[in-house]
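The values are calculated or read from the model by the stated rules, or taken from the named source; none is laboratory data. Since the model is a prediction, treat every value here as computed from it, not as a measurement. When we count neighbours, we look across all protein chains shown, and the Cβ atoms used for this are built from the backbone with ideal geometry, even at glycine. When the accessible area is computed, the model is the full protein with side chains, heavy atoms only, and any ligands, DNA or RNA have been set aside. Shrake-Rupley method; radii C 1.70, N 1.55, O 1.52, S 1.80 Å.
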Amino acid sequence: MPDYSQIDMDFYTKPHTGIARYIYASGVHIFTALGCPFSCSFCANQNTPVGYRPMSQVLDELELLKNKYQIDAFYI
């Protein structure tokens with residue numbers, strides 16, 4: 001789980017239209033996996049295995065952001 005206490009959450013809690021087009025909401029991006037499934041020839045991270053986060057961990061993070069920071073929208 002990311003340490004959100006190390007981030008300036010004021011930026012994310014202010015409503016804006018950047019998270020979902022034309023919707024005025026506070027929001028953050030959530031990553032459910034680490035790594036990349038693609039094998040681009042120009043990338044230094046070729047053949048890096050993809051690791052998926054446990055669903056319970058993702059749900060805990062969503063719940064924390066909603067309850068503690070009143071985030072309205074999530075881009076997954």
Restricting to the range 3-23, and then to whatever is in a loop (DSSP other than H, G, I, E, B) and modelled with pLDDT of 85 or more, can you tell me which residue is least open to solvent (accessible area, probe 1.4 Å)? 9
Where a residue in the range 46-58 is within 15 Å of residue 1 (Cβ to Cβ) and its partner, wherever it lies, is among the hydroxyl-bearing types (Ser, Thr, Tyr), with Cβ under 6 Å and at least six apart: 53/32; 58/32
Across the range 28-52, what is the number of residues that are outside any loop (DSSP other than H, G, I, E, B) and either modelled with pLDDT under 85 or open to solvent by 60 Å² or more (accessible area, probe 1.4 Å) (or both)? 3
